[in-house]
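Here's the structure, in structure tokens; my notes come after.
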There are 2 protein chains.
Amino acid sequence: MQHPVPLDQRKQQILKAVVADYTRTGVPVGSASLAVHLATWSSATIRNELATLSEVGYLIQPHTSAGRMPSDLGYRYYVDFLMDEEDVPPAVRRQVDPFFAVLPTGIEDILEIAATALAHAADAVSLVTAPRALGVRVKHLDLVKLSDLQALLVLVLEGNLVRQQALNLTAPTDQGVLSAIATGLNAAVVGLNAAGMSRLPEVVGLHAALERDLLTQIIAFMTVCDAQQDTLILHDGVRNLLHQPEFGDVELLQQVIEVVEEERMLAALISAADLDHGIQIMIGRESGMAELSRCSLVLTTYRAGAERRGTIGVLGSTRMAYAQVGPRVRYVAQRVGRAVGRALS
Amino acid sequence: MQHPVPLDQRKQQILKAVVADYTRTGVPVGSASLAVHLATWSSATIRNELATLSEVGYLIQPHTSAGRMPSDLGYRYYVDFLMDEEDVPPAVRRQVDPFFAVLPTGIEDILEIAATALAHAADAVSLVTAPRALGVRVKHLDLVKLSDLQALLVLVLEGNLVRQQALNLTAPTDQGVLSAIATGLNAAVVGLNAAGMSRLPEVVGLHAALERDLLTQIIAFMTVCDAQQDTLILHDGVRNLLHQPEFGDVELLQQVIEVVEEERMLAALISAADLDHGIQIMIGRESGMAELSRCSLVLTTYRAGAERRGTIGVLGSTRMAYAQVGPRVRYVAQRVGRAVGRALS
DNA sequence: GTTAGCACTCGTCAGGGTTGAGTGCTAAGC
DNA sequence: GCTTAGCACTCAACCCTGACGAGTGCTAAC
């Protein structure tokens, strides 16, 4: 980010008032209505200041005889220096909490609930990624006979993520043998991740050949699991975009929905976020995606158990109430983290 | 359905032409343009016939000096008596098939892929439900220690659906005992559904009390699984609605998207479908949902393995190309059935 | 430095006339 | 008796116009 143009006290106050007004009404705001709120100065004075703020690029004017609205840069200045975050109102808490009151069985359920809750709370499109479990370790495994030459692998991963996969058998094998192999493998692989498993010493014993073969398939499957987890992104709340005047243009709406429905694009977007600083706000073109030039993203991480983390956030109009949305995203993130942590024990 | 008003050959031909034209252009069609396609009669003759078709309710006129468009009833007549289903073109097959070429691991993955594939193939919103597995039987179960007073139940159900749930233990129990109990339970419950399990004879033995308690929890969980499965509905392709002129009105779009995003409403819709007859087409208000009065549904079932079935279909504008959509839904349904069947072995 | 006053700009909206697609009706033709 | 050419009529869509008003920039006075 470039060094922002410094603003004196009054210009800051005016910029803040413009953001507040425009966020509320969606209509470019003029000097007269500002003069009502900021009774200290006349509309003429404010007009002069507005002109300066336009010159330095914090405000834009759709046409000469229109009021001003904040530019991406103006919002950036607002978010960085002027915004007073608002507490999450009790009404919203009461709306969110019930979602997490019923304890769902699987992680995926929690994430889906989180998406719905956040969409409601922030009145925007919510985005939720699965908690990253890269290189996660095995807690337990089991083999169930499917047919003569197929067995179902059931993996319980650290964090109680359960994954299943059909494995091929090199020779007809009955359930007794499979159970024996499962017991043997359990003793060997518990606590290992894919990398650790590939460094295991040679297997010996009665069913060594079969066991070796299965182990290879298991390692391959775990690698696939690792890769898949990154791309799971849930979303909800597309309906929330529709009642906003800026999306009255169907063209624009279409572009945004296309991005939201295309998981690849969302993944790119979310991985571009720099989430080391608690909350990341990407305003308008800052996301680097032309389709989202009129949209902003507010993202944060949730932590579940020992530092396993996923991303959660919202995508909405640039004209969103940043002062409200940030805290709400954090609030839901905290709830999700707790729920996921609990589900993973 | 009421008895439709019978139509003579020429009226049928004209109605069919109106549907074809209107589906293609989205603009009410006039007698002159029909006279080009149906060169046998002059525009005046066609005009007389159009008047009759309007009188009996098969066509409607947005205003006096406009052309005609099919009413819900008109589409119903078309679909029931006039429509010639079109083969799924090779281009569409080539578009759908790759989705099912990579064999995904879980049922949920297949369903998601199916939703995406169908959304592409039918250029509408796709809807997919999980295969019903009501009263499904247990194939295998396992218990993994989580903490002193908690164990993770891993259930492999018939059809290789894997479900997990944390269970409470009445006393601290270690993995060895849990494994022993799991082995014992496996012997007892394999092949039983929830109902069968509740009729099991009293358990006796070393860990009888604990085992009884766990069994109760397992039965409760299976009942929950049964209920949940019905409500899982995936959708994709909301973007496809946006480029259709009838959804240029954001109001309308909003209502439709609200229904699509609300799983309860979708569930009600799908359960209302009468799917004994291969494919079910609900036109406009036939769905009984006011929000969807300008939409149609084309639904069918897919079969996976031994008669386990889910629902798959599309939701689109009433002005959809029924002759193309039906076969495409069936085509994807068949692919999904095959894929699910294979995944369930 | 601030502000009242004023001329100016430009989007929005309502009114009015024109256009053209499409109709219903009638009377003539086969 | 069915078909069709002709014609008057209807009405949405479009464009043009002028009034309106929100909002500006500039200037001069305080």
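Residue-wise test of (1) surrounded by fewer than 19 Cβ atoms within 10 Å (Cβ to Cβ); (2) among the β-branched types (Val, Ile, Thr); (3) within 15 Å of DNA strand D (Cβ to nearest atom); (4) away from chain B (no Cβ under 14 Å).
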residue	(1), (2), (3), (4)
A:15	no, no, yes, yes
A:18	no, yes, yes, yes
A:45	yes, yes, yes, yes
A:50	no, no, yes, yes
A:54	yes, no, yes, yes
A:57	yes, no, yes, yes
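Taking every residue in segment A:157-179 that is under 13 Å from residue A:137 (Cβ atoms) and within 12 Å of chain B (Cβ to nearest Cβ) and pairing it with any residue that is modelled with pLDDT under 80 and exposed (fewer than 15 other Cβ atoms within 10 Å of the Cβ), at least 6 positions away or on another chain, the pairs with Cβ-Cβ distances below 7 Å are A:160/A:345. Here is the figure for segment B:20-43: residues that are within 11 Å of DNA strand C (Cβ to nearest atom) and either in a loop (DSSP other than H, G, I, E, B) or within 14 Å of chain A (Cβ to nearest Cβ) (or both) total 4.
Summed over segment A:289-333, the residues that are of a type in the set (S, T, N, Q), within 13 Å of the chain's Cα centre (by Cα) and in a helix (DSSP H, G or I) give a count of 0. Going residue by residue through segment A:197-219, is there one that turns out to be among the basic types (Lys, Arg), out of contact with any helix residue (DSSP H, G or I) (no Cβ under 6 Å at 6 or more places or on another chain) and closer than 30 Å to residue A:122 by Cα? Checked segment A:197-219: no residue is among the basic types (Lys, Arg), out of contact with any helix residue (DSSP H, G or I) (no Cβ under 6 Å at 6 or more places or on another chain) and closer than 30 Å to residue A:122 by Cα.
Put simply, of A:121, A:114, A:91 the only residue that is surrounded by fewer than 24 Cβ atoms within 10 Å (Cβ to Cβ) and part of a helix (DSSP H, G or I) is A:91.
Would you check which residues across segment B:64-94 are more than 16 Å from DNA strand C (Cβ to nearest atom) and closer than 17 Å to residue B:25 by Cβ and list them? Once the filter is applied, which keeps residues that are more than 16 Å from DNA strand C (Cβ to nearest atom) and closer than 17 Å to residue B:25 by Cβ, segment B:64-94 yields B:75, B:78. In segment B:209-246, the residue that is farthest from the other protein chains (Cβ to nearest Cβ) out of those that are of a type in the set (D, E, K, R), within 29 Å of the chain's Cα centre (by Cα) and surrounded by fewer than 19 Cβ atoms within 10 Å (Cβ to Cβ) is B:230. Scanning segment B:59-77 for residues that are more than 16 Å from DNA strand D (Cβ to nearest atom) and outside any strand (DSSP E or B) yields a total of 7. Filtering segment A:254-288 down to residues that are in a helix (DSSP H, G or I) and of a type in the set (Gly, Ala, Ser), which residue is nearest to residue A:70 (Cα to Cα)? By that ranking, first place goes to A:284. Residues that are more than 9 Å from chain A (Cβ to nearest Cβ) and at pLDDT below 90 within segment B:139-152 comprise B:148, B:149, B:151, listed in sequence order.
All conditions in (1) in a loop (DSSP other than H, G, I, E, B); (2) polar (S, T, N, Q); (3) under 40 Å from the mean Cα position of the chain (by Cα); (4) within 25 Å of residue A:146 (Cβ to Cβ) hold for residue A:173, with the sole exception of (3). Cβ separations smaller than 7 Å between residues 6+ apart or across chains give the following pairs from segment A:21-36 residues that are under 13 Å from residue A:70 (Cα atoms) and among the β-branched types (Val, Ile, Thr) to residues that are near DNA strand D (Cβ under 8 Å from one of its atoms) and modelled with pLDDT of 90 or more: A:29/A:67; A:29/A:68.
For residue B:263, the conditions (1) facing chain A (nearest Cβ under 10 Å); (2) crowded, with 21+ Cβ neighbours inside 10 Å; (3) touching a strand residue (DSSP E or B) at 6+ places or on another chain (Cβ under 6 Å) all hold with the exception of (2).
The values are calculated or read from the model by the stated rules, or taken from the named source; none is laboratory data. Since this is a predicted model, take the numbers as computed values, not measurements. Glycine also receives a Cβ, built like all others from the backbone with ideal geometry; neighbour counts cover every protein chain displayed.
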